[in-house]
Amino acid sequence: MSQLLNLRLRKLTRGSILVLALAVVASTGCHAFRPFQQVNNSLADARLWEQGGREALSHGNIDEAKNCLRRAINNAPGDRQIREQLADICMERDEYPEAIAELTRAVDLAEEDAELRVKLGRAYLKCGKLIPAQRQAELALETDRQLASAWELCGQTHWAKKELPAAVADLQRALSIEPKRRGVQVQIACLHRQMGESKRALSGIEQLLSQYPDGQEPQDALLLQGVVLIDLHQYSSAIEQLQMAVNRSDATCEAFVQLSRAQFLAGQPSLARSTLTRGLERYPAEAKLTALLNQLQEIDSGHVATTGSLKR
C-alpha cells in the first residue's frame, strides 16, 4: 500500500513540474530559449558569409571575399577555420600584419594544431620577424617532431639569420621525413651554392631533376642548375639547360637574364642580346632586361661600360 502511494506521489511531482515549466514558458513568451536561438542564428549567418567569401574568391573578387569572411568571423569569433581562410588570402596579398593577427587568434583556438603554428611562423618570417617565426616552429615541433614543414621553417629562419650550416641541417631533417619535398631540395642546393660548395649544389639539383620526365622539370630547379654551371665556368652546359628553361611557357624573366649571362661569358654577345630582346617581348616592363640589353649594346658599339652585372 505504501509503495503504491509513493508511486502516485512521484507521478504527481513529475506532472506538477511539467505544468510549472509550461506556465513559465507561457508567461515569458519563450524568452528563456532566445539565447540558444541567437547562437544558432549567428552560426547560420557565419556559414552564409563564409560561403559568400568562397564564391567571391572563386570569381577573383578578393576584397569582397575578405569582407565576407570578416562578417563571418563577427558572427562566429570562435571558428578558427574561417580565420585561417582570411589569413590565407592576406598572405597571398603580402598583407602580413592582418594574416598574423588572424592566425594568432586561430592558434589560440587550436593550440595543438602544429601545421597552423607553422603557417603563423611563415607569416612572421615573411615580414622579417625571425624570433617569433622560430618560436612557432619550435612549438610546432614540441607537438610533432616528425613534421617536415616545421623543420623546413626552422631551416628557413636559420638561413635568414645567416646561420647556414644549421639551416642545411634542419632542411635535411625535413627532407629525411619527406624525401619528395621538392622545395626543400632546391633550398639545400641554394645553401650549398651560397656556402661556396657549387659542385655539391650541382649534384643535389641534378639528383632532383632526374626524378622528372623531360619537359616537366621544375622551372626553379632548371634555373638554379644553369646558375651553378655558370659558377663552375661550364658555359656550354649552362646555355643548354637555360635554353630549355626559356623555351617553356612558364619561363621567368630571370631565366632570360641568366641565359644571356651564360652566352655573354661564353663569348657570344650577339646571342646574349638576342636573348634579352626575346625576354623583353615576354616581359616588356622588366627594367632589368632593358638595362642589361643597353649595357651589351654599349659594349658592342665600343663605349666604355662595366660588365660586372653580367659576370656575377
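The values are calculated or read from the model by the stated rules, or taken from the named source; none is laboratory data. Source: prediction; values computed, not measured. Counting neighbours? That spans all protein chains shown, and the Cβs are built from the backbone with ideal geometry, glycine included.
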### Query
Among the residues of segment 279-291, is there at least one that is surrounded by fewer than 23 Cβ atoms within 10 Å (Cβ to Cβ), hydrophobic (A, V, I, L, M, F, W, C), out of contact with any Asp or Glu (no Cβ under 9 Å at 6 or more places or on another chain) and part of a helix (DSSP H, G or I)?
yes
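Could you run through segment 40-89 and say how many residues are in a loop (DSSP other than H, G, I, E, B), within 22 Å of the chain's Cα centre (by Cα) and either aliphatic (A, V, I, L, M) or at negative phi (or both)?
Our first condition is that a residue be in a loop (DSSP other than H, G, I, E, B); within segment 40-89, this holds for 59-61, 76-79.
Narrowing the set further to residues that are within 22 Å of the chain's Cα centre (by Cα) leaves 59-61, 79.
Going one step further and asking which of them are either aliphatic (A, V, I, L, M) or at negative phi (or both), we end up with 59, 61, 79.
Adding up the residues that qualify gives 3.
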### Query
Glu111 versus (1) at pLDDT below 95; (2) in a helix (DSSP H, G or I); (3) closer than 30 Å to Arg135 by Cβ: which is the lone unmet condition?
(2)
### Message
With surrounded by 18 or more Cβ atoms within 10 Å (Cβ to Cβ) and more than 18 Å from Leu120 (Cβ to Cβ) as the only criterion, which of Leu48, Leu43, Leu57 stands out?
### Response
Leu57
### Query
What number of residues within segment 149-173 satisfy the criterion of being assigned to a helix (DSSP H, G or I), within 17 Å of Arg135 (Cα to Cα), out of contact with any Gly (no Cβ under 6 Å at 6 or more places or on another chain) and not hydroxyl-bearing (Ser, Thr, Tyr)?
10
### Query
Looking only at segment 183-203, which residues are in a helix (DSSP H, G or I), in contact with a helix residue (DSSP H, G or I) (Cβ under 7 Å, 6 or more places away or on another chain) and within 26 Å of Gln134 (Cα to Cα)?
Val184, Gln185, Val186, Gln187, Ile188, Ala189, Cys190, Leu191, His192, Arg193, Gln194, Ala201
### Message
Suppose we keep only residues that are modelled with pLDDT of 55 or more and of a type in the set (A, V, I, L, M) within segment 290-312. Which one would you say is farthest from the chain's Cα centre (by Cα)?
### Response
Ile299
### Query
Tell me, which residue of segment 189-218 that is farther than 26 Å from Asn247 by Cα and crowded, with 19+ Cβ neighbours inside 10 Å is nearest to the chain's Cα centre (by Cα)?
Leu191
### Task
Give Gln85, Gln136, Gln156, Gln81 a once-over and let me know the one that is within 25 Å of Leu57 (Cα to Cα), free of Cβ contacts under 8 Å to residues at least 60 places away in the same chain, among the polar types (S, T, N, Q) and crowded, with 18+ Cβ neighbours inside 10 Å.
Gln85
### Query
Is it the case that segment 170-181 has a residue that's touching a Cys at 6+ places or on another chain (Cβ under 6 Å) and buried (at least 18 other Cβ atoms within 10 Å of the Cβ)?
yes
### Task
Would you point out the residue of segment 219-250, among those that are out of contact with any helix residue (DSSP H, G or I) (no Cβ under 6 Å at 6 or more places or on another chain) and outside any helix (DSSP H, G or I), that is surrounded by the fewest Cβ atoms within 10 Å (Cβ to Cβ)?
Ser249
### Query
In segment 264-277, which residue that is surrounded by 17 or more Cβ atoms within 10 Å (Cβ to Cβ) and under 34 Å from the mean Cα position of the chain (by Cα) is nearest to Asn294 (Cα to Cα)?
Leu276
### Message
Show the residue pairs meeting these rules: Cβ distance below 7 Å; 6+ apart or different chains; first residue within segment 106-125 and under 23 Å from Ala76 (Cα atoms); second residue assigned to a helix (DSSP H, G or I) and hydroxyl-bearing (Ser, Thr, Tyr).
### Response
Glu112/Thr143; Ala114/Thr143; Glu115/Ser149; Leu120/Thr104
### Message
Need pairs with beta-carbon distance below 8 Å; first residue on the phi > 0 side of the Ramachandran plot and within segment 207-228, second among the basic types (Lys, Arg) and not in a helix (DSSP H, G or I); sequence gap 6+ or separate chains.
### Response
Gly215/Arg248
### Task
Go through Glu163, Glu142, Glu138 for me and flag whichever is among the acidic types (Asp, Glu), closer than 30 Å to Pro97 by Cα, modelled with pLDDT of 95 or more and under 19 Å from the mean Cα position of the chain (by Cα).
Glu138
### Query
If you go through segment 75-103, how many residues are within 18 Å of Glu115 (Cα to Cα) and of a type in the set (Lys, Arg)?
2
